[in-house]
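Please read the structure below before turning to the comments.
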Amino acid sequence: MAETHVLFVEDDDVIREATQLALERAGFTVTAMPDGLAGLEAFRVDRPDIALLDVMLPGLDGVSLCRRIRDESTVPVIMLSARADSIDVVLGLEAGADDYVTKPFDGAVLVARIRAVLRRFGHAGGVAGDFGEPGRPGERGVLAFGDLEVDTEGMEVRRDGRPVGLTPTEMRLLLEFSSAPGTVLSRDKLLERVWDYGWGGDTRVVDVHVQRLRTKIGQDRIETVRGFGYKLKA
């Protein structure tokens, strides 16, 4: 089996070299680039399995680079931020990132987060694969919620008969909601099921992805239950 190919874009030479070494020791093939424009070119040439992007990059910042990648591919993206600043985190997630890691980070933790993202994607070259355990969620087939149809076998979503383009993370999130319409799912439960966070995580990841999903399937389709979480309207 081919090694997973990681695109790592980081302008700090020390961090870039040390992280590349740690990832290669963990069995990944790594293409490391020092700025956003070089990273975009490498992405288009190499077509990596996952991209790690620093937020603060010369030439083309990490958020803009994430948007450019997301315009062309559903490949998973993890943003790296030097601080857990709400603006950095939210901008990266709104740009299409699937997760983020705050620097400084432990190499083993970063490897674990990468593997968790790849497991979620059932990943092979950025193409959506397995979106969950066999038989989940609920019955296989097409689930209908008003003008929204979720094909759990073909992994397709249609709204008013027209296809809706979702990233794999958005699709997994919708599958969780559609498996239990009308049931409130807490942010922690969604982090566990969708993001594979057995150790907890930042619930802003959930909030931003829910908002992104709402813009695609309808703002009123997913209801916020204050103090508890979210539910798909039956």
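The values are calculated or read from the model by the stated rules, or taken from the named source; none is laboratory data. Please read these numbers as outputs of a predicted model, since none were measured by experiment. For neighbour counting, all protein chains shown are included, and Cβ atoms are generated from backbone atoms with ideal geometry for every residue, glycine included. SASA here: full protein model, heavy atoms, side chains in, ligands and nucleic acids out. Shrake-Rupley method; radii C 1.70, N 1.55, O 1.52, S 1.80 Å.
Residues of segment 192-205 that are free of Cβ contacts under 8 Å to residues at least 12 places away in the same chain and part of a helix (DSSP H, G or I): 192 alone.
Of the residues making up segment 158-191, those that are among the basic types (Lys, Arg) and without any contact (Cβ under 8 Å) to a residue 40 or more places away in the chain are 158, 162.
With respect to the conditions (1) under 20 Å from residue 99 (Cβ atoms); (2) open to solvent by 30 Å² or more (accessible area, probe 1.4 Å); (3) over 14 Å from the mean Cα position of the chain (by Cα), residue 176 falls short on a single one, namely (2). Filtering segment 186-215 to residues that are open to solvent by 10 Å² or more (accessible area, probe 1.4 Å) and among the hydrophobic types (A, V, I, L, M, F, W, C) leaves 199, 208.
It is to be established whether one or more residues within segment 125-132 are modelled with pLDDT under 70, out of contact with any Cys (no Cβ under 6 Å at 6 or more places or on another chain) and within 21 Å of residue 222 (Cα to Cα). Taking every residue of segment 125-132 in turn, at least one turns out to be modelled with pLDDT under 70, out of contact with any Cys (no Cβ under 6 Å at 6 or more places or on another chain) and within 21 Å of residue 222 (Cα to Cα).
Counting only residues that are of a type outside the set (D, E, K, R), open to solvent by 20 Å² or more (accessible area, probe 1.4 Å) and in contact (Cβ under 8 Å) with a residue 24 or more places away in the chain, segment 39-56 holds 1 of them.
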